[in-house]
1. With both bridge residues required to lie in the chain, what share of the DSSP beta bridges run antiparallel, to the nearest 5%?
2. For segment 8-280, I need the span (max minus min coordinate) of the C-alpha atoms along each principal axis, in Å, sorted largest to smallest.
3. Taking N as the number of residues in segment 111-199, what is its Cα Rg relative to 2.2 N^0.38 Å?
4. What fraction of the DSSP beta bridges in segment 98-232 is antiparallel, stated in percent and rounded to the nearest 5?
5. For residue 62 paired with residue 284, estimate the spin-label separation in nm (one decimal), with each label point 7 Å from Cα along the Cα-to-Cβ line.
6. Among 101, 135, 75, which one shows the biggest mean-square fluctuation in a GNM of the chain, springs joining Cα atoms closer than 10 Å?
7. Over segment 8-280, what relative contact order in percent results from Cα pairs under 8 Å that are six or more residues apart?
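Just so it is clear, none of the values below were taken in a lab; they were calculated from the coordinates. Values in this document were obtained by computation on a predicted structure and should not be read as measured data. Neighbour counts are summed over all protein chains in view; Cβ atoms, including those assigned to glycine, are modelled from backbone coordinates with ideal geometry.
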Ligand SMILES: [Zn+2]
């Protein structure tokens, strides 16, 4: 396997939102598709349970109840059952109390990734500093335009934050088409953060290895595995919500190269229906 220290991984969905397929992928149909909101549970020998994002949680509906935040709900209608929140799933599936989670790695600050943060009172938060800089202090329409709902953030977020320092930078494995390298998040080579900006500023993906496979959790750098395989980036209209379409395209191209060069690497977008059907609903062992 690629990284220096293996971890365990399981993938989960916290409900879904709906979108016409053609927005998410070039040449997609007019029909509305269900877009699951995923999070990953990583079990590390020394750090215990670590989360990569949290997906939706029930408080999303409160945070998006009043104008202008309600625009977010209208643009992406969300279906979420309280039992699907990350904290509830960890308790139900693994008997784990939310208070035991000590670290949450954040890909970016869109509401469908951070809605569960307040459920984890003892977690530290790790993310690329430019991701938080892009949303810090935003309220009202400016926040909505950045996919950010301020009420979702824990009051002591700053206090519990450990932004990824520049000193964590490491080269990526030979052949990886990300010339700036990655970040050794825990210093032991187990979790390598990779800048996949474009969909959001400072968006971070995660390279890791389990005993059987290498994974690249690429967050929202693509909305589906199919789009990467078939080179079908989202419709230009989806670019309206992206801070940089040019950067999105560059990252997307790198994902395509990655898939070509490393056919054994499992690239996992946060909102991929195929990942949902293959690994999550079938409960496939990773
Ligand atoms: Zn998302």
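1. Values: 30 of 42 bridges.
Antiparallel bridges make up about 70 percent of those DSSP assigns within the chain.
2. In descending order, the Cα extents are 49, 44, 34 Å.
3. 1.22
4. Working: 12 of 16 bridges.
Looking only at bridges with both residues in segment 98-232, the antiparallel portion is about 75 percent.
5. Result: 3.8 nm between the two label points.
6. 75
7. Values: 570 pairs, mean separation 50.6, N = 273.
It comes to 19 percent, rounded to a whole number.
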